[in-house]
Amino acid sequence: MAVQPLETFLSAARERNPDAQQARATLDQQKADAFTALGSQLPGVSVRANYTRNQYENQIAIEGRQILIQPKDLWTGAATLNVPLIDLANFQRIAAANTNAESYARRLEATRLTVESQTVQDYYQLLANLALVETAKNYLQVSRENLAITQTKLRAGAATRLDVDRAIADVEQQVQQLAAANLQVALVARDLQSTTSITPDISSAAELTDDLHPERELAFFEQGLSNVPSVSAAVAATRAAQQQATAQKLALVPTIFGAFTENATNAPGFEPSRWYWQAGVGAAWSFDLTYVGNIRSSDAAAAATQAAEEKARLVAGDSIHHYWQTVVAGIAQSRSARAGRDAAVHASEQAQVQYRAGSATQLDLLQARRDAFSAEVTRIQDDANLLNARAQLRLAAGWSLLAAADSRR
């Protein structure tokens, strides 16, 4: 068994990560607010009913006709249909609420990409740390074998007690390296688990390598900058703020509304029927200095949101540029690290042979082994960094790694 595939962690992170869940709940709230804004401007119905017990009953006679004015048991009922006819300010606020919900939908995608970014970074670092553990184990085993050889030479008179002490110190140093590597595995595995709610299988290391192919030109990744979720969210937020500013100005326009009421009572009085309706149209307009303040405030808020949009665009572009350049440098570093590792391992093997033959000192052997260990650590970390940079480049360009993996299936 080895660490689960990256797609397993990405899928879990998008659904279970607290940041993603919070963004999804916020989006649902914004959609509900937009629906509420729409509902407030649609025709509405209100119904009321009353029952009254009177001490006396009153009637009058007009032209031989008895008209009941107040019965002992009086009930009345009314159903009113209210229809906003012209309310430009609130109509504009409805549009702003819908645009704001759109902005939060894009923010959800941006949050999911951020969660993917953290997952990818933890994943490749975990693979690197697991590889370092295996490397540390191997070099610890080699150090113990060297200690046994040195102790054998001491008994044969071909080595000194100082040589044995150096070999023991080398073993203990490798023990410390292994403990440090195990600590990093435990810490990063916990970070990955917290991000994705999945416990990584760290029973064995997985292959960690890159084919060192060059990425496509920078312009290819920058061409879709406006579609990066963080940028499109900022664009929608700017548009919503501008719509709110327009709504504040339209509040100076009179509102026109209509109403239709159907009444029912058991004491219609002078009405010819117990059922009768009323209809009317009204207009309302008001003004005070708070309107001017609200207009200025909303205009300033729109300007601030537009500045935030420009910042989001710059940050997204800088991120794409950063990771593209990191990949370019990472390819060169990984290639150099592999060549250095091969040379250091070969030197360590030669030093081991020469030490056994007595033509190299123990210091030469220890130094060659430390160089080989350091070169292997560098190679592992450089490969992990390169793989992470390739993934981060695509995430910075607004491409979900999980969606890309699904399209390959």
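Assorted remarks:
- Looking across TYR139, TYR123, one residue alone is touching a helix residue (DSSP H, G or I) at 6+ places or on another chain (Cβ under 7 Å), within 19 Å of GLU376 (Cβ to Cβ), in the same structural domain as SER348 (by TED's automatic domain parsing) and of a type in the set (Phe, Trp, Tyr). It is TYR139.
- Scanning the stretch 181-213 for residues that are without any contact (Cβ under 8 Å) to a residue 60 or more places away in the chain and more than 24 Å from ARG390 (Cα to Cα) turns up ALA181, ASN182, LEU183, ALA186, THR199.
- Cβ-Cβ distances below 7 Å connect the following pairs, each with a first residue in the stretch 59-72 that is touching a residue at least 24 places away in the same chain (Cβ under 8 Å) and more than 17 Å from SER273 (Cβ to Cβ), a second residue that is part of a strand (DSSP E or B) and not small (Gly, Ala, Ser), and a separation of six or more residues or different chains: GLN70/ASN58.
- Pair list, Cβ under 8 Å, 6 or more apart: the stretch 226-248 residue within 17 Å of THR114 (Cβ to Cβ), other residue crowded, with 22+ Cβ neighbours inside 10 Å and aromatic (Phe, Trp, Tyr): ALA233/TYR104
- Selected residue (criterion: surrounded by the fewest Cβ atoms within 10 Å (Cβ to Cβ)) from residues of the stretch 269-303 that are without any contact (Cβ under 8 Å) to a residue 12 or more places away in the chain and aliphatic (A, V, I, L, M): LEU289
- Selection of first residues in the stretch 325-336 that are farther than 20 Å from GLU376 by Cβ and of second residues that are among the charged types (D, E, K, R), restricted to Cβ pairs under 7 Å at least 6 apart or on distinct chains, gives the following pairs, ordered by first then second residue: VAL327/GLU215; VAL327/ARG390.
The values are calculated or read from the model by the stated rules, or taken from the named source; none is laboratory data. No experiment lies behind these values; they were computed from the predicted model shown. Note that each Cβ is placed from the backbone with ideal geometry, even for glycine, and that neighbours are counted across all protein chains shown.
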